[in-house]
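Down below is the structure, laid out as structure tokens.
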Amino acid sequence: MSSFPQVSRREFLGTGAAAGGALMVGFVMPGWAASPGTKTMLPNSWVVVGSDNSVTILCARSEMGQGVYTSMPMLIAEELGVDIAKIKIEMAPPGEPYINEMIGGQLTGGSTSVREAYSKLRVAGAQARSVLLEAAAQKWNVKADACRAENAMVLGPGGQKATYGELAEAASKLTPPKTPALKSPKDFRYVGKEIKRFDTPAKVNGTAEFGIDVKLPGMGIAVLAQCPALGGTLASFDASRAMAMPGVKKVVQVTDGVAVVADTYWHARKALSAVSIKWDESAVQNLSSAGIASELRAAAAKPGATFKTVGDADAAMREASKKLEAEYELPYTAHVTMEPMNFTADVRADSCLLVGPTQFQQMAQGVAAGMLKMKPEQVTVRTTFLGGGFGRRIDVDFITQAIEISKAAGMPVKLIWSREDDMTHDFYRPASVHRMSGGLDASGKPVAFKFSVASPSVTKRLFGAFVKDGIDPFMLEYAPLPYDIPNQGGNSVIHDTGVRVGYLRSVSHAMNAFANEGFIDEMAAAAGKDPVQFRRDLLIKEPRYLRVLNRAAHEAEWGKAMPAGRKQGVAIMEGYGTYLALIAEVSAPNKQIKVHKITIAVDLGSMVNPNIVKQQIESSIIYGMSSVLFDEITIVGGRVQQKNFNDYRATRMHETPVIDMHIIADGQAPGGIGEPGTAMVGPAVANALASLTGQRLRRLPLKLA
């Protein structure tokens, strides 16, 4: 990823200092400081050992409810040999060592946090342990392998012992090994155990700092009027009335509209309503959901870019005994994080402080430096807890707005969006149209499968280098099928509709799984076969898929006699290295869809914290249900019609099904778990409804005629 400024390793090593007199090995971290008077040892960029025997672990992934504030430190503490209850945890500043190697950039997304960290952070902990052991060995004139680390102490021959703090200065002068010995999983004290989350107490007692809680000396509160039509622009404004209202400090024009800065949010919001604003919506007045859907259907009919070819799908279709065709459609959907967009900026002549909830620290720092013509090290980014992210806070529009307002107003400002701002100016999950076709032989065996998708590309906008030959890999997640069908063809068309789009939890898995797993069910019905058995027959070469499918079917008692008015539906998927099978039990009294039970089997390789895994699976299912049963963003005359939770529903507690969860952890490389469950609800519920009502619903949200 080269679309944003990056700090070179040489620049990174040459900037900042932890504290006066601090002792360091490895990297110097701009933006992080030890407690005054405390000497520190940093054998790498993750572990800080203080001379006061404190151990601080820096978490380089944003905590937005998914548990990284607990799971990441667990990996380090496991190898370091410290009591996990006594460690300190802090958010890491932006820096090259924290780049997410799976997706590039210091970015929290793609369910990569634990997958990427599993080995990296264990090595970090083991490196720190190694230099502490070596420091003790040199002090006692013994061999390092005669010493052992335990509870932040090194124990040596003859009862000798020293705390990590006592060894920190000497250890800071040693070079940590690149490949230290790691513990055997059989000796794990923490990893794989249900450790209580470290962020929960602060969130319960109110001491946790979210972006919306940030306070800086002399700070004003800013609100922003943006054009109500997507892509519209500011024509003119008159702020004379607003400037005379209580608490108002400044009214400024910025790229995206007009901002009012006041002493409180309420004063700013009231004053904004008094600003007379004229918008120019002429360029986007014809933008509508109906027109977008028509465009995408036309685009899906084009040849597009080929991403998969197996055999000759066209020839096999011509010779098939039975042919099927279908079109699946998904609308735009919003992220709707519980904490609306906000960020605090303090722009000065030679520096910029940014504080708030972001999933992309490196982008925030780089964009700010570019806007202000500063060096990246002049921009400090401090990450708070996030009141939800779901991919929305990968984008930095609300951060650049705060920067512009602070610079124009000449003071630190905290920009706060309203819920209506958030819902009408999101970077939405892309709308998509999927054209499906399949062929069966005389025995009902699939001989051909064709898939074509048309959709806007988030990646083309954010990370253009990843889009090659017209193919966006993040638009095609779970587009290639795992099923053993001898002839397959897959094509994709990137089509910009004029609506800005962003990554949303599960990204394109949700779109492609809905189409693929729905159409596979249609093929099973055309073949006159049970949907689970139909899949089993096509997964002989896929043991991990088979394992979760069989487990889910067994636990859900697939094929049993159901209560009157209820049916089951099934779907499978692989996402982010995790294999899932989900069975939904549904009813539809008076055509109102009710999901009674979800049975899900998950194979995620290795687990760090089973408690967090369970929370993530439950969360992703409930989050997915909202878009499956209720929600879509519709546009008329360029304006988004949904503005708050009264017309963009969230799943209520009484609508939440029983979730019967079965986790398989087989010791393989860990898979991601924060997102894939979201994508599974749609196809399983739609398949159950088809069995129950005979109606095949091919568009989300699901609505029975």
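The values are calculated or read from the model by the stated rules, or taken from the named source; none is laboratory data. Since the structure is predicted, the reported quantities are computational estimates derived from the model, not experimental observations. Every residue, glycine as well, gets a Cβ built from its backbone with ideal geometry; the counts of neighbours run over all protein chains shown. Only protein heavy atoms, including side chains, enter the accessible area calculation; ligands, DNA and RNA are left aside. Shrake-Rupley method; radii C 1.70, N 1.55, O 1.52, S 1.80 Å.
Here are the numbers:
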{"quantity": "Of all accessible heavy-atom area on the range 89-157, the percent that carbon and sulfur account for (1.4 Å)", "calculated": "47"}
{"quantity": "Largest to smallest accessible area among Glu325, Glu134 [probe 1.4 Å]", "calculated": "Glu325, Glu134"}
{"quantity": "Among 485-492, 442-449, the order from most to least packed when residues are scored by Cβ within 10 Å on average", "calculated": "485-492, 442-449"}
{"quantity": "Surface per residue (accessible, 1.4 Å probe) for the chain, Å²", "calculated": "39"}
{"quantity": "Distance (nanometres) between label positions extended 7 Å along Cα→Cβ at Lys375 and Lys591", "calculated": "6.7"}
{"quantity": "Three-way shape call for the range 253-389 based on the alpha-carbon gyration tensor, with the a/c threshold at 1.5", "calculated": "prolate"}
{"quantity": "Binned Cα-Cα distance frequencies in the range 227-302 - 5 Å width, integer %", "calculated": "3, 15, 19, 15, 12, 10, 8, 6, 6, 4, 2, 0"}
{"quantity": "For the range 634-705, alpha-carbon Rg over 2.2 N^0.38 Å", "calculated": "1.53"}
{"quantity": "Probe 1.4 Å, all protein chains present, accessible-area order of Thr179, Thr424, largest first", "calculated": "Thr179, Thr424"}
{"quantity": "Calculated FRET value between Asp441 and Thr693, using beta carbons and R₀ = 35 Å, to 0.05", "calculated": "0.75"}
{"quantity": "Computed E for Glu209/Arg318 - FRET, C-beta separation, R0 56 angstrom, nearest 0.05", "calculated": "0.30"}
{"quantity": "Translational diffusion of the range 153-202, µm² s⁻¹ [Kirkwood Rh, Cα pairs; Stokes-Einstein; 25 °C; 0.890 mPa s]", "calculated": "167"}
{"quantity": "More than 20 Å apart - percent of Cα-Cα pairs taken over the range 91-159", "calculated": "47"}
{"quantity": "Apportionment of accessible area to carbon and sulfur, the range 172-304, percent (1.4 Å)", "calculated": "54"}
{"quantity": "Whole-number D in µm²/s for the chain (Stokes-Einstein; Kirkwood sum over Cα pairs; 20 °C, 1.002 mPa s)", "calculated": "78"}
{"quantity": "With DNA, RNA and ligands ignored, accessible area of His495 (1.4 Å probe; Å², nearest 10)", "calculated": "40"}
{"quantity": "Scattering profile of the range 352-436 at q = 0.14, 0.19 Å⁻¹ [log10 I(q)/I(0), Debye over alpha-carbon scatterers]", "calculated": "-0.53, -0.89"}
{"quantity": "Cross-link partners of Lys594 among aspartates and glutamates (Cα-Cα below 18 Å; sequence separation of 8 or more within a chain)", "calculated": "Glu585, Glu618, Asp631, Glu655, Asp660"}
{"quantity": "Share, in percent, of DSSP beta bridges within the chain that are antiparallel, nearest 5", "calculated": "75"}
{"quantity": "Rounded FRET efficiency, nearest 0.05, which uses the C-beta distance separating Lys161 from Thr264 and R0 of 60 Å", "calculated": "0.60"}
{"quantity": "Shape category assigned to the range 397-549 from the gyration tensor of Cα positions, a/c cut at 1.5", "calculated": "prolate"}
{"quantity": "Over 31 Å (Cα to Cα) - which of Lys529/Lys614; Lys183/Lys203; Lys86/Lys178 fall in this group", "calculated": "Lys529/Lys614; Lys183/Lys203"}
{"quantity": "Percent carbon-and-sulfur accessible area, the range 623-670, ignoring ligands, DNA and RNA, probe 1.4 Å", "calculated": "54"}
{"quantity": "Cα Rg, Dmax (largest Cα-Cα span) when computed across the range 119-163, Å", "calculated": "10.6, 34"}
{"quantity": "Descending Cα extents along the principal axes, the range 163-263, whole Å", "calculated": "68, 34, 33"}
{"quantity": "Between the range 146-178 and the range 86-105, the Cα center-to-center distance that results, in Å", "calculated": "25"}
{"quantity": "Value at 222 nm in deg cm²/dmol, rounded to 500, when DSSP H runs of n ≥ 4 in the chain each add -39,500 (n - 2.57)", "calculated": "-9000 deg cm²/dmol"}
{"quantity": "Packing rank of 212-219, 477-484, where each peptide gets the mean count of other beta carbons within 10 Å, highest leading", "calculated": "477-484, 212-219"}
{"quantity": "Whole-Å distance, taken between Cα centres, linking the range 422-477 and the range 273-351", "calculated": "10"}
{"quantity": "Thr175-Ala349 pseudo-label distance in nm [points 7 Å out on the Cα-to-Cβ vector]", "calculated": "4.4"}
